[in-house]
1. Where Lys and Arg each count +1 and Asp and Glu each count -1, what net charge lies around I139 among other residues with Cβ under 9 Å from its Cβ?
2. If amide H atoms are built 1.01 Å from N in the plane of the peptide, which residues on other chains or at least 5 residues away come under 5 Å of the amide H of D122?
3. Rounded, prolate or oblate: which fits the stretch 2-82 when a ≥ b ≥ c are the square roots of the eigenvalues of the alpha-carbon gyration tensor, with rounded for a/c under 1.5 and prolate only if a/b beats b/c?
4. Would you calculate, for the chain, the mean residue ellipticity at 222 nm contributed by helices, counting each DSSP H stretch of 4 or more residues as -39,500 (n - 2.57) and dividing by all residues, to the nearest 500?
5. Would you mind finding the longest exposed-site-free stretch of the chain, with exposed chymotrypsin sites (Phe, Trp or Tyr not before Pro) meaning DSSP loop and at most 13 other Cβ atoms within 10 Å?
6. Compute the Cα gyration tensor for the stretch 238-337, then decide on rounded, prolate or oblate, letting a ≥ b ≥ c be the square roots of its eigenvalues: rounded whenever a/c is under 1.5, prolate when a/b is larger than b/c in the other cases, and oblate in all that remain.
7. Would you kindly derive the ³J(HN,Hα) couplings of the stretch 314-325 from the backbone phi angles with the Karplus curve 6.51 cos²θ - 1.76 cosθ + 1.60 (θ = phi - 60°), listing them in order in whole Hz, with x for Gly and Pro?
8. Give me a comma-separated list of calculated 3J(HN,Hα) values for the stretch 20-36, in order, Karplus coefficients 6.51, -1.76, 1.60 applied at θ = phi - 60°, integers in Hz, x for any Gly or Pro.
Amino acid sequence: MAAKKSFKYIRSFSTGIYRLNTGREFEYCDHEGSQIADPSVLSRINSLSIPPNWTDVWICPHKNGHIQATGLDNRQRKQYIYHANWTSFRDQNKFSKLYLYGKGLAALKKQLARDLKGKNLDQRFVCALAITIIQYTSIRPGNTFYSNSNGSFGLTTLQKKHVKIITGKLIFRYKGKRGIRQEKACDKKMICSQIVRLLELPGRQLLQYFDHQNKKRPIQPTHLNNYLSEVYAGDVTSKTIRTWNACFRALGHLLENYPGNIKVREKSSKELVRSVAYHLGNTPSIARKSYICPVILEKFEAGKLDSWIKRNARANKRDREAAVQKKLLKLFKGCQDR
């Protein structure tokens, strides 16, 4: 990723430019208190369009800093404005990491299988169970801030009231991000049986584990990412799994549904995005922008996947899935080499 060299990666916010509200307009000063008067610096600051309601605004002193500004919004949440080119680099890097995830899937599955054989409800066991659930359902990991502030949930914050087991199928029903009602289902017997064990524990929280002192603790998203880092050396997070699933479903949708008629290619592309969005619980625009690797849509819309689709469309489910995984690795390897 040679593009990264053109950015100054910002790790410290101790020096920089600060915004002052004088009542009529904003003024800017450096970390020593000297007012900023350089027209080129002021022009860069204005181009960032920092929301006027932000407080504690910090602005990067370097025009090539990957973070250009930070501030606190009305709810006192820290917000970031990134360099425009960093955002595109980060998105490209995100998809290149999918190659690492796919190549390491066999090792991850072995690790998950080992830890899920454990009899104790320790952190490793519950992390392995949670990651397996994300693999099958693409559920968001969630975090306590959103569950506490607006009552939206993800896997690590789900309560037992959000879970039902109906004729051997595990059903999660809950309010997700942006208040959208979500329903996720999983019919894997192993997952259902382990969830039953967790449901029998006291307390409202679903995913809990016992620490070394036998104290009950809630699973956090950081626990899941730490678990994944053991296999992937920090390059993969739970969101990587959701992104892989989105791309996997995109190619799978083409094998199952594309009729091979170029006249309906645009329609098929839109249906693909809607299918992925439904699976993720996102809007089509978010699915297309943040989860489906652009290379997939580019190649499909250019007709460069047609021969691959024709070769694999009539294969059985197992062979289709193997073909999709192989194709994804080839596509993501290309992202990595860019």
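Just so you know, all these numbers are worked out from the coordinates, no wet-lab data involved. These figures come from a predicted structure and were not determined experimentally. A quick note on method: Cβ atoms are made from the backbone with ideal geometry, for glycine too, and the neighbour counts reach across all protein chains shown.
1. +3
2. Amide H neighbours of D122, under 5 Å, 5+ apart: F210.
3. Oblate.
4. Only helices count here, giving -15000 deg cm²/dmol.
5. 14-338
6. rounded
7. Couplings: 9, 5, 5, 4, 4, 5, 4, 5, 5, 5, 5, 4 Hz.
8. The phi angles translate into 10, 9, 8, x, 9, 7, 8, 10, 10, 9, 7, 5, 9, x, 7, 5, 7 Hz.
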